[in-house]
Ligand SMILES: Cc1cc2nc3c(=O)[nH]c(=O)nc-3n(C[C@H](O)[C@H](O)[C@H](O)COP(=O)(O)OP(=O)(O)OC[C@H]3O[C@@H](n4cnc5c(N)ncnc54)[C@H](O)[C@@H]3O)c2cc1C
């Protein structure tokens, strides 16, 4: 891991920075590149804008590691309203949630109940709930809650991270369940004891896992394969695996983040692949924004430019 990436990921975990940096005008300005605004309405407007390109959306309210159930329940009520909004707006939107935002650190049973109620609401409105994957210490609890909810409802999927050594085993256990899996590289600072430290190994594992997700047995089980990446080389490799197999094209999607690789988003949609853009909103954007900077340290230049133009 590069020094810059390590520093930025360490910054994402700093409470001191979290309390101060978001108030700086040039930081606020720079974050707009990755999020259309802090309000739900901003995200819905952005989703509306994507519709004309045939691109769907996944909405997520930023925030993580809530420390009391009052907050966790508030977040759950918020997502319930989002699902109502999606139902009435007729936008092609799904939601993505973090379990630590629904109370995982405080009370696992309440977190499960919160997620279950959201997935139930989403089912009534014909939409889908994704579960983000957080640090490796949450993987067991996240997958256990996912499995419980998926037993009852088909409209829920979970994210897996290609940087973790364990992911091949996790994937093998999830594929027969036939649910949704969103494969990403992984965004957190993880020790070499649990995650590949070298980028090329993460990329190699991503492709190996993608092949498993697109194998005939995964398709036969009804697994929904989602590739959450902006890596154009990987996207093309995956396209090669999919092309010519129409059932596979139907069963898989590419998900990208708002503001990143827009041309690639449009190209995939033009070529009639299923594409969604994950749109983030909310006030708690600092740790998430630092992770976005760490993914491409050259992004720091945008902050510097933004600072100089103030
Ligand atoms: C839909 C979606 C959901 C995600 N959910 C999770 C999750 O639940 N848990 C988790 O740990 N991680 C999640 N991530 C983040 C993911 O783990 C990676 O950190 C992130 O996607 C960067 O990896 P990459 O696959 O794009 O490849 P990279 O090799 O990092 O990037 C490939 C290219 O994409 C462009 N790019 C990538 N990131 C940026 C950026 N921030 N700014 C500008 N350009 C960029 C650059 O051109 C870069 O060369 C998610 C990502 C996506 C797209």
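A few points about this structure:
- Failed item in (1) over 14 Å from residue 139 (Cα atoms); (2) within 19 Å of the chain's Cα centre (by Cα), with residue 195 passing the rest: (1)
- All told, residue 160 falls short of being within 19 Å of residue 115 (Cα to Cα) and over 14 Å from the mean Cα position of the chain (by Cα).
- For region 252-264, filtering for residues that are on the phi < 0 side of the Ramachandran plot, touching a residue at least 24 places away in the same chain (Cβ under 8 Å) and surrounded by fewer than 19 Cβ atoms within 10 Å (Cβ to Cβ) leaves 2.
- Cβ pairs under 7 Å, 6+ apart, first in region 24-41 and in contact (Cβ under 8 Å) with a residue 12 or more places away in the chain, second crowded, with 17+ Cβ neighbours inside 10 Å and in a loop (DSSP other than H, G, I, E, B): 31/285; 33/259; 34/258; 34/259; 35/258; 35/285; 36/258; 38/282
- Cβ pairs under 6 Å, 6+ apart, first in region 221-238 and touching a residue at least 60 places away in the same chain (Cβ under 8 Å), second near the ligand (Cβ under 9 Å from one of its atoms) and part of a strand (DSSP E or B): 226/182; 226/255; 228/182; 228/184; 228/255
- Taken as a whole, the structure leaves residue 99 outside the set of residues that are surrounded by fewer than 20 Cβ atoms within 10 Å (Cβ to Cβ), farther than 26 Å from residue 273 by Cβ and within 16 Å of the ligand (Cβ to nearest atom).
- Looking across 267, 240, 233, one residue alone is surrounded by fewer than 13 Cβ atoms within 10 Å (Cβ to Cβ), in a helix (DSSP H, G or I) and modelled with pLDDT of 95 or more. It is 233.
- Meets criteria (within 16 Å of the ligand (Cβ to nearest atom), exposed (fewer than 15 other Cβ atoms within 10 Å of the Cβ) and within 18 Å of the chain's Cα centre (by Cα)) for residue 137: yes
- For region 199-219, the count of residues that are in a loop (DSSP other than H, G, I, E, B) and within 13 Å of the ligand (Cβ to nearest atom) is zero.
- Taken as a whole, the condition of being in contact (Cβ under 8 Å) with a residue 60 or more places away in the chain and closer than 21 Å to residue 5 by Cβ applies to residue 197.
- Residue match in region 158-172 (condition: in contact (Cβ under 8 Å) with a residue 60 or more places away in the chain, surrounded by 22 or more Cβ atoms within 10 Å (Cβ to Cβ) and within 14 Å of the ligand (Cβ to nearest atom)): yes
- First in region 91-106 and under 22 Å from residue 136 (Cα atoms) and touching a residue at least 60 places away in the same chain (Cβ under 8 Å), second anywhere and part of a loop (DSSP other than H, G, I, E, B) and within 12 Å of the ligand (Cβ to nearest atom), Cβ under 7 Å, 6 or more apart: 96/132
- If only residues of region 1-31 that are closer than 15 Å to residue 187 by Cβ and not in a helix (DSSP H, G or I) are counted, the one that is modelled with the lowest pLDDT is 1.
- Check on residue 187, within 20 Å of the chain's Cα centre (by Cα), closer than 30 Å to residue 263 by Cβ, within 16 Å of the ligand (Cβ to nearest atom) and in a loop (DSSP other than H, G, I, E, B): yes
- In region 270-303, the qualifying residues are those that are part of a loop (DSSP other than H, G, I, E, B) and under 24 Å from residue 61 (Cα atoms), and the one that is farthest from the ligand (Cβ to nearest atom) is 283.
The values are calculated or read from the model by the stated rules, or taken from the named source; none is laboratory data. Note that the coordinates shown come from a computational prediction; the quantities given were computed from them, not determined experimentally. A quick note on method: Cβ atoms are made from the backbone with ideal geometry, for glycine too, and the neighbour counts reach across all protein chains shown.
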